[in-house]
Structures are given as structure tokens and as C-alpha cells.
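> To start, I am sharing the structure in question, which I have written as C-alpha cells.
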Amino acid sequence: MRLRCAAYARYSSDRQSPSSIDDQLRNCRQYAERQGWDLLDRHIYYDEALSGSGADRPAFVRLRTAAATVPKLFDVVLVDDTSRLSRNAGETARICEELKFAQVRIIFTSQGIDSKHEQADMLMMIHGAMDQEYNKELAKKTHRGLEGRALKGLHTGGRCYGYDNVKDPTITGADGTPAVRLQINEPEAAVVRRIFEMAADGGSLKAITKTLNREHVPTPRKRKDRPHATWCPTAIREMLRRDLYAGLVIWNRSHFVKRPGTNKRVRRECDPSEWKRLERPDLRIIDENLWDRVQQHITSMNDKYNFGNRPGLTPRSSTSPHILTGFMKCALCGANLIIVCGRGKDGHHRYGCPQNFNRGACPNGLRQRADHLEKMLFQQLQEAVLRPEAVDYAIQEFERQLQLSLAGLDSRIGRMRQRADEIKQEIETLVVNLIACRHNPTLVEAINTRQKELDEITRQLLSAEPNSVSAEIGRIRKFVAGQLGDIRQLLTGDVRKAKAELEKHVTAIRMVPQGEGKTGFYVAEGEWDLLGGYGENSGSPTKTDFRMVAGGCNAPKVLMVPFR
């Protein structure tokens, strides 16, 4: 039987050779040819320069989605070895369980591990633990090497405004790359001194930012995840607190940890006892007197205006008390509209473009009262997008499509799932004992017996899985027709929960400014998903485009694209 195969490959660092992907896929292709199988070109997935410790890799996510598709798109997933799939033992186990549930085999070609074999789970668990331990040891060695470079006066970070990274070919790392030293960049250093002088004279973060942008002063290097190549208040704030400008290098002040299951890093402060302080007068840009004046000014401003709140200007769209913050995008520059004014006791909060308000880098100066804009936008969404006939039609069509492809309810499903969980726990315990006792025929036989029972339960569950469909459809109907039937209630509820629900239905609302001042208003454009993503694979028409007026006392009538 000629099986259909998918393949996955990955390499971790941008310093590794991209040809590694070709080598891995060549091994997978040769394995498929030896078996007489077909490797499908449209199902070859690979991630470049991404760590295997996180599961949020684009190609990896697409592979998992494709593997769960019904009917099956392929029968086997080929991977060169377990470390290419993941370097997290728990994640490896979850992936293999997902594939087994979807009746898709996974084969690690270099290690000869095939998920259909009885010993596959134990082997994958052992190799997964080894792959995870490799990551930990590599992190320790990397940290030790960076500490050695820092103590020698070498640079261990990335680019820093005001300095050039100069390679030192006399010192190379284990991978042959030359060490880097910092050297003052005089044109940029002049900008740094000017920023400190403006701050010492009482200039605010916004005032300094707008001055630099108005004069088109070259910005620090543009980051890939920041589309606007302009100065911003947060960058000025960090520069005013950077000890390096005063000739002091503090190494190991912080470290990064990854959010579980992802490759997203979060900065954490180290204990001050672990800091390494190194005097570097050759790197001083700001003299002692100017540095002290700025730090004293910062301290006095915090004491006077902070009132115990967290200092600094940071994006607050995720924690904002205003429900639409983070959803509305300025049509002229793409920035999120935020509350830019009216935070006083007697003022009205107003949405505006931060690129205009904070930086003066966008021509959109239109500001609209938050309460009026939110009320009008949600009212029109309810009246036009959430019409009862549209909701009923979408849910009925979604239900019909699901019922056509799913089997009936198995009354024993609850007990079967409970037994499956018990067996998994028993197998894990037996595997741990087997590793401790090395080869033990009795333990191996016990593991095999339970694995066969688990396989049989899984097979039955696959045919009985649709038991949850009726309940799921009921929940969808209740959610759409009930909670979102009066979407304006979201405005008076828990804002964080409301935002989480809103994210299921709309990704972005493009706000097009019309006019300016008191006579100006916005036209909101976007796409609303009635079922919040539930109907993506059902073929149901659950999405509708909208274009409506939002805010402004002189606004014209609503413009709406009909439900489709």
C-alpha cells in the first residue's frame, strides 16, 4: 500500500546553515522511496531559525492543523529525528498523542522510531528527555561564555544607539565568530547628549520625541516588529536610564525566560547580588554632572506625579479599561487607536492616533469621545450584523454541515475516556520503573498490554467522538443568540472578558478619518465572524463585511455591506 507522507524539518539558529533543512528533507525523501511511499510536495513543512522548545512555529502549527483535518490529507509524518520536532519532552508527547488520535503515524527516520510499534512511546519519551536536557546544558554553557566575554571588556548584547559594534578578529568564539567591542559613534553620541540636555532642562518624553521627529533626526535601527521608523517616548525613557552612557557596564542585570509552549521571551530581573559592574570610562558619552542632573529630574518627577503607579509609558491595549483599544487601527498609519486625552476627573476620554498625538508622525489628528464611538459602533453592529435571521441561518447551516460528517453518540464515551486517562498514567509509571530497572520482561509485557487496551479505546473514541457535537452546537447557539444577541452589554461587563470574546469575532477595525475637529468623524471598516471561528471548516457563510460611521455629531447615515 502506497502511503501518503508529509515531512517536517527545522533548524534552530540564524547562525546555522539553511542547508540543514535540505539535508533533513533528503533523508525523509529517501526513507519514503525505500518504503515505496509518496512524499507529497504540498505537505512539506519547515521552520528556519526557530527554537524547538516552543510550539508556536508557523510551519509546525500548519502541520498540526493539516494532520487534524478530516478527511485525512496524509497517512504518515516523516521527521529526521525527535529534536527536530521539539526539544520539550511534554510537547513531543502531546504531538504524538494528537497524531495517534488523528490516525496519522509519525516516523523519526534517523532513529528508526515508528509510532505504530509497541516500544515507540517509551523510545520517544527517552529521546525527548535527552533533547530537553541538551537545551538546558546549552543555555548554561552559553551564559558561562558570555560572562567570560563581558569580564574581558567585550560586548555581549546587540546594537546600542550611540555606539558601533566593532569585530575583534583576534578573539573568536567556539563557532568561529569574532568577538565584538563597542566603540563610540560620534554622530549618534551627539544626539544622545542633546536628548540628555533637553531632559535636564525639563523637557518631557513627548516633547523630546516630537522635536526629534519634527527635525527628522535619524532613528535607531528599525525593528522588524515595529512598522513605524520614528522616535517614541519609551525609547527616550530607556536612553535616559542607560548606565552605559555614563561609562558603567552592568552585566547579568536581567535574563529572558520563554513562555511555556512558545518561543516568546519575557525579560526578568536578576537578583542585584548576581550583577557584574564594570567601569568603562572609554565608553562614557554623558559627563557626570549632566548624568546626575537628569537622574535627579527623573526622581523628582516620579515623586511628584507618579502617585504610586508604575512609571513609564507602555502600550496598554491588553489591559486598557476601554474595550475597543487594540482593535481599532488608524487607516493612515496602521497604529492602534488609543485613549490620548481626557483622563482627568471631569474630562471625556477620547480615542486618537498615538503616532499623531505622541510623535507627530501621522496626519490623523481626529479625536473622538470613547463613549460615543463605542456606543454607536456596537449599536450598529447589533442592528446590521447580528440580525436574528442572519444568526439563525449561520447556526443552522453550521449544524447541518457538521451532522452530515459526524457519527452518532456512544453512550459509553465517558467511561472510555476515564479509563484511557487511567491507562496513560499507569503506562507513565511503568516506563519510569522500566528506565530505573533497565530491561525487565515483566514491565515490558505490562506496558504492551496497557498500550493495546489504550489503542482499542482510542479506536472506539475516534468513531464516537461526535458525541460532543450536539452540546457544542448548543453552546454556539446560546453564545451567538444570547450573549452577542445584545452586544452592547459587553460595554458594561468585565472588559477583559469582553475583549477575549470580541477577539473571536473581529481581528481589526480599520478607522478611516473623515474631516477633522468637531465636524470630523470616522468610518469603521472590517469583517465580523458570527461564530467566532467555529465555522471555518464547515463551509457555512458565517462572515460579513461591515462599513459604518462611528462617532461625530454630524455623521451621515450608516453604510453597511449586507450579510452574505
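The values are calculated or read from the model by the stated rules, or taken from the named source; none is laboratory data. What you see is a predicted model, and the numbers here were worked out from it, not measured in a lab. Positions of Cβ are backbone-derived with ideal geometry, glycine not excepted, and every protein chain shown enters the neighbour counts. Surface accessibility is based on the protein's heavy atoms, side chains included, excluding ligands, DNA and RNA. Shrake-Rupley method; radii C 1.70, N 1.55, O 1.52, S 1.80 Å.
> Conditions: (1) part of a helix (DSSP H, G or I); (2) surrounded by fewer than 22 Cβ atoms within 10 Å (Cβ to Cβ). Residue 70 meets all but one. Number of the miss?
Failed condition: (1).
> While we're on this one: Can you tell me which residue is nearest to residue 54 (Cα to Cα) among those in the stretch 264-286 that are outside any helix (DSSP H, G or I) and touching a helix residue (DSSP H, G or I) at 6+ places or on another chain (Cβ under 8 Å)?
276
> Residue pairs, Cβ under 6 Å, 6 or more apart or interchain, first in the stretch 195-220 and under 16 Å from residue 294 (Cα atoms) and in a helix (DSSP H, G or I), second open to solvent by 50 Å² or more (accessible area, probe 1.4 Å) and modelled with pLDDT of 85 or more. List them.
Sorted first by the residue in the stretch 195-220, then by its partner, the pairs are 200/293.
> What are the pairs with Cβ atoms under 9 angstrom where one residue, in the stretch 131-142, is more than 12 Å from residue 12 (Cβ to Cβ) and the other, located anywhere, is polar (S, T, N, Q)? Sequence gap at least six, or different chains.
From residues that are more than 12 Å from residue 12 (Cβ to Cβ), the pairs are 132/53; 132/86; 132/88; 132/92.
> Go through the stretch 229-255 residue by residue and tally those that are free of Cβ contacts under 8 Å to residues at least 12 places away in the same chain and of a type in the set (Phe, Trp, Tyr).
The total comes to 0.
> How about the stretch 101-138: which of its residues are more than 21 Å from residue 87 (Cβ to Cβ) and among the basic types (Lys, Arg)?
105, 116
> Sticking with this one: Residue 24 - would you say it is open to solvent by less than 50 Å² (accessible area, probe 1.4 Å), on the phi < 0 side of the Ramachandran plot, at pLDDT 90 or above and not in a loop (DSSP other than H, G, I, E, B)?
Yes.
> So, restricting to helices (runs of 4 or more DSSP H) that lie completely within the stretch 424-530, which ones have at least 3 residues that are modelled with pLDDT of 75 or more?
Correct list: 441-464.
> Taking the stretch 263-272, which residues are modelled with pLDDT of 80 or more and open to solvent by 100 Å² or more (accessible area, probe 1.4 Å)?
Passing the criteria: 268, 269.
> Quickly run through the stretch 107-127 and pick out the residues that are assigned to a loop (DSSP other than H, G, I, E, B) and either under 18 Å from residue 428 (Cβ atoms) or open to solvent by 40 Å² or more (accessible area, probe 1.4 Å) (or both).
Matches in the stretch 107-127: 110, 111, 112, 115, 116, 117, 118, 119.
> Hey, does the stretch 42-60 have a residue that's assigned to a strand (DSSP E or B) and out of contact with any helix residue (DSSP H, G or I) (no Cβ under 8 Å at 6 or more places or on another chain)?
yes
> Continuing with the same structure: Against the condition touching a His at 6+ places or on another chain (Cβ under 8 Å) and over 16 Å from residue 5 (Cβ atoms), how does residue 82 come out, does it pass?
yes
> Considering 166, 104, which residue is among the β-branched types (Val, Ile, Thr), open to solvent by 50 Å² or more (accessible area, probe 1.4 Å) and in contact with a Lys or Arg (Cβ under 8 Å, 6 or more places away or on another chain)?
Just a single option satisfies the conditions, and that option is 166.
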